[in-house]
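The values are calculated or read from the model by the stated rules, or taken from the named source; none is laboratory data. Owing to the predicted nature of the structure, the values given are computational and were not obtained by experimental measurement. Positions of Cβ are generated from backbone atoms using ideal geometry, with glycine treated the same way; all protein chains shown enter the neighbour counts.
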């Protein structure tokens with residue numbers, strides 16, 4: 001879990017550094033590339049300062065397309081065109097100088113074919129891959145079950161108790177107590193797909209909607225409140241008896257993003273994990289039945305929500321509806337704000353609501369394009385991979401993560417101070433559900449299929465997909481327990 005107080009301290013340090021930098025406000029750290037003092041600086045790693053690897057080429061592998069992964073981690077000097085590019089470039093140069101290495105990368109496969117491409121490389125005797133960035137939803141389990149991933153447990157220099165690693169990815173996605181996929185500040189692109197609620201301020205004012213920021217702070221921003229705000233807003237504007245992109249809605253969304261977010265926002269995971277018993281489907285509860293019913297009412301209630309089957313911004317019909325002041329809410333990842341800068345209608349950002357007022361925190365998640373860090377079995381020196389990965393993650397927390405937070409999200413992608421304050425709440429509780437993180441096209445556990453087929457019949461879904469899913473989970477659990485003691 002991100003420790004917000006420590007993060008804000010790092011942001012303040014970054015702001016001070018930017019203010020003191022010369023030549024157009026370039027971000028500066030200590031100027032030495034030193035890892036600093038881990039006892040006093042939460043973003044200083046404890047990797048020994050004297051480790052050197054004599055010009056070694058540290059190779060990272062990513063899925064295609066490159067602009068979803070590799071280009072967000074490896075930036076050449078001539079390609080620096082933004083503040084985030086600059087922070088990535090400086091991070092990499094500091095790491096290269098510190099360890100006497102070069103950083104490079106390549107792409108292999110797509111999100112759903114990544115494992116087979118990496119497996120072919122391993123079988124060919126190619127041991128050049130030091131760190132794999134895995135698209136976990138469609139390749140995570142297959143990557144682990146083929147035996148080409150090593151657990152990070154006890155890898156030299158990796159300290160997952162540090163503030164720059166995500167607790168939930170370790171506790172919820174571990175298999176038999178072994179964690180193969182790490183999420184942290186090195187996976188900073190996950191910020192882009194972190195799910196939020198955009199609201200149209202014009203629609204809110206025209207409909208005399210209460211101050212939504214206040215409802216977040218006073219703990220009354222709940223699923224029921226959101227649904228009650230959405231219900232009365234639909235209008236068949238051309239009176240043709242059909243709700244389409246020409247009409248008015250309470251919300252716009254895509255199935256892909258919002259359906260997996262709904263359960264997470266309710267602080268519910270569809271698959272439970274234990275070190276001794278493995279994975280257990282968690283869909284036969286009254287709460288989950290209520291969550292499914294909410295999703296059905298939200299998405300399939302006539303005219304309540306304009307739904308798209310994809311999340312491609314450039315092809316979206318829902319986003320124009322939102323910015324033409326024909327919807328109160330738009331459910332999307334924070335990175336969508338990159339495309340909203342030229343839109344004239346104002347918007348605010350708030351977290352997804354709580355299930356009810358008894359829920360302790362607002363919850364959110366992000367999708368597989370955060371690309372979890374995995375240690376390949378073919379890595380020639382796991383300790384070296386551990387040292388460099390730890391240092392990259394720590395320095396990402398000091399340079400890259402706060403740059404995207406402060407420059408992109410807080411300045412360019414928000415329209416008011418209240419939205420900036422919401423970001424702290426949103427990032428405070430990013431959690432992972434194994435049922436989503438290890439989902440598949442056919443099952444996408446389980447809200448996606450239930451809602452898309454316009455069904456609330458959990459028993460039918462469980463009968464169709466449950467045995468196959470449980471078998472898949474049991475097999476990978478057995479593989480891990482047999483091969484990693």
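Would you be able to tell me the number of residues in the stretch 121-146 that are in contact with a helix residue (DSSP H, G or I) (Cβ under 7 Å, 6 or more places away or on another chain), outside any strand (DSSP E or B) and either surrounded by fewer than 18 Cβ atoms within 10 Å (Cβ to Cβ) or touching a residue at least 40 places away in the same chain (Cβ under 8 Å) (or both)?
11
Failed condition for residue 369, given (1) under 20 Å from residue 136 (Cβ atoms); (2) buried (at least 22 other Cβ atoms within 10 Å of the Cβ), with all others met?
(2) is the only condition that residue 369 fails.
Looking at this structure, is residue 203 at pLDDT 95 or above and more than 26 Å from the chain's Cα centre (by Cα)?
yes
Restricting the search to the stretch 307-317, which residues are at pLDDT 85 or above, more than 17 Å from residue 447 (Cα to Cα) and outside any loop (DSSP other than H, G, I, E, B)?
Result: no residue meets the conditions.
For residues that are in a helix (DSSP H, G or I) and buried (at least 20 other Cβ atoms within 10 Å of the Cβ), scanning just the stretch 334-354, find the one that is farthest from the chain's Cα centre (by Cα).
It comes out as 337.
Residue check: is residue 192 buried (at least 17 other Cβ atoms within 10 Å of the Cβ) and modelled with pLDDT under 95?
When the stated conditions are applied, residue 192 passes them.
When you look at residue 154, is it outside the structural domain of residue 258 (by TED's automatic domain parsing) and at negative phi, yes or no?
no
Can you pull out the residues in the stretch 377-394 that are in contact with a helix residue (DSSP H, G or I) (Cβ under 7 Å, 6 or more places away or on another chain) and either free of Cβ contacts under 8 Å to residues at least 24 places away in the same chain or more than 21 Å from residue 54 (Cβ to Cβ) (or both)?
The answer is 393, and nothing else.
Residue 468 fails exactly one of the following numbered conditions: (1) under 19 Å from residue 169 (Cα atoms); (2) in a helix (DSSP H, G or I); (3) modelled with pLDDT under 90. What is the number of that condition?
Here residue 468 clears every test but (1).
Is there a residue in the stretch 252-260 that is out of contact with any helix residue (DSSP H, G or I) (no Cβ under 9 Å at 6 or more places or on another chain) and more than 21 Å from residue 189 (Cα to Cα)?
No, the conditions are met nowhere in the stretch 252-260.
Restricting the search to the stretch 269-294, which residues are within 17 Å of residue 359 (Cβ to Cβ) and part of a helix (DSSP H, G or I)?
Passing the criteria: 286, 287, 288, 290, 291, 294.
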